[in-house]
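Structure first, then comments.
We did not get these values from a lab; they are worked out from the coordinates using the rules stated. Predicted model, so just to flag it, every value in this text is computed and none were measured. Positions of Cβ are generated from backbone atoms using ideal geometry, with glycine treated the same way; all protein chains shown enter the neighbour counts.
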Amino acid sequence: MTKVRIPHTELDVSRLSYGTASLASWDLSPVTPEEIRKGIQIVEAALENGITFFDHADIYAYGKCEEVFSAVWEAIPDARERMVLQSKCGIRFLEGGEETRYDFSYERIVSSVEGSLRRLKVEQLDLLLLHRPDPLVEPDEVARAFALLKSRGMVRHFGVSNQSASQIALLQGSLDEPLVANQLKLSLLHHGLISDGLSVNQTGIAEATGVSGLLDYCRLHGLQIQAWSPAAQGHIVNPPDDAPDTTLETNRLVKDIAAKKGCPEEAIVLAWLLHHPAEIMPIIGTSRPTRLESSVAADEVVLTNDEWSRMLSAARGQKFL
């Protein structure tokens with residue numbers, strides 16, 4: 001698989017990554033042998049298909065996904081040296097486990113990383129992202145936590161997730177080293193990060209909020225854009241019964257392009273992201289090896305600029321003029 005360099009780092013990684021949120025059930029029950037078996041199976045499939053980047057979060061299945069993933073070390077002895085591991089922190093479950101809040105306090109960041117390392121059974125994370133913006137953030141407190149984690153060898157590099165340009169700039173002003181990534185919801189059906197630029201000096205165009213200038217900011221400052229839910233939960237390839245006309249038209253176009261190129265439709269959906277010059281990294285979240293194989297085929301798909309633009313127009317329900 002094609003490799004990309006994460007900006008400001010020495011890390012060369014697969015340009016498609018695997019997200020681990022589906023490795024365990026989202027409840028407080030213990031990890032099951034079947035979850036471990038399936039977890040090893042999908043991680044092994046990811047490695048065999050050239051994926052080297054694996055995305056975690058401390059809250060995924062209340063920490064169980066990281067626990068399941070740790071079984072890989074015994075099943076695949078050389079797995080760790082073939083991987084770049086990322087986890088996220090900053091979403092905190094309140095008592096009872098049903099409500100959450102965002103927490104970028106020094107104590108929470110440090111304890112979250114300690115927990116992830118313990119569950120993953122590793123000594124170091126290659127990357128740590130702050131999961132969602134804490135409205136009560138104290139940037140100097142974040143900087144202090146990052147400095148401790150770095151000095152103790154617990155984390156190599158840092159980034160953010162779901163954050164705007166101004167939120168990133170606020171944090172960066174207190175940090176001694178650059179943030180290297182921003183993980184964002186991005187797909188053909190959630191395209192505001194990309195289509196935002198098309199609304200400049202035009203009226204009657206409603207695009208996503210909170211992303212104005214964010215794509216350009218990340219490119220200018222060397223933050224890798226990681227796309228979560230890049231396949232829109234499968235709704236592009238398999239639209240739900242109540243899908244809007246824009247989704248149905250996008251589905252028809254994706255099918256047509258896939259048929260012409262002789263590749264899976266899932267590959268076309270992800271290739272749309274890969275085609276962008278920002279070197280966007282889609283995070284594949286399936287638990288099915290067959291779906292994973294269909295997705296990684298995107299690495300070999302070459303779209304034309306015309307095909308890419310037609311796909312965006314279909315998804316927006318609006319032509320470029």
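Under a GNM of the chain (C-alpha, springs under 10 Å), which listed residue has the highest mean-square fluctuation: Lys260, Lys38, Lys88?
Judging by the Gaussian network model, the answer is Lys260.
Which pairs in the list Lys64/Lys185; Lys88/Lys121; Lys38/Lys185; Lys64/Lys150; Lys38/Lys64; Lys88/Lys150 are over 19 Å apart, alpha-carbon to alpha-carbon?
Listed pairs above 19 Å: Lys64/Lys185; Lys38/Lys185; Lys64/Lys150.
Compare the peptides 250-256, 194-200 by average per-residue count of other Cβ atoms within 10 angstrom and give them in order, highest first.
The most tightly packed comes first, giving 250-256, 194-200.
Counting only C-alpha contacts under 8 Å and six or more residues apart, can you give the relative contact order of the range 3-316 as a whole percent?
Across the range 3-316, relative contact order equals 17 percent.
Pop out the ³J(HN,Hα) list for the range 7-18 in order, Karplus 6.51 cos²θ - 1.76 cosθ + 1.60 with θ = phi - 60°, rounded to Hz; leave Gly and Pro as x.
Those phi angles translate into x, 6, 9, 9, 8, 9, 10, 4, 7, 10, 10, 10 Hz.
Could you tell me which of rounded, prolate or oblate describes the range 54-109, using a ≥ b ≥ c as the square roots of the eigenvalues of the alpha-carbon gyration tensor, with rounded for a/c under 1.5 and, failing that, prolate when a/b is larger than b/c and oblate otherwise?
Prolate is the answer for the range 54-109, as a/c is 1.5 or above and a/b outweighs b/c.
In square nanometres and to one decimal, what's the mean projected area of the convex hull around the Cα atoms of the range 250-321?
Value for the range 250-321: 5.1 nm².
For the range 1-147, how big is the tail of P(r) above 24 Å, as a whole percent of Cα pairs?
It works out to 34 percent of all Cα pairs.
Taking a cut-off of 21 Å between Cα atoms, list the lysines near Lys319, but don't count ones fewer than 8 places away on the same chain.
Those lysines meeting the cut-off are Lys255.
Compare Ser70, Ser229, Ser111 in a GNM of the chain, Cα atoms joined below 10 Å, and give the one with the largest fluctuation.
Comparing Ser70, Ser229, Ser111 in the GNM, the peak value goes to Ser111.
Given the chain, report the % of alpha carbon pairs whose separation exceeds 38 Å.
Above the 38 Å cut-off, the chain has 13 percent of its Cα pairs.
Which residue, Cys263, Cys89, Cys65, has the most motion in a Gaussian network model of the chain that connects Cα atoms within less than 10 Å?
Of Cys263, Cys89, Cys65, the most mobile in the Gaussian network model is Cys263.
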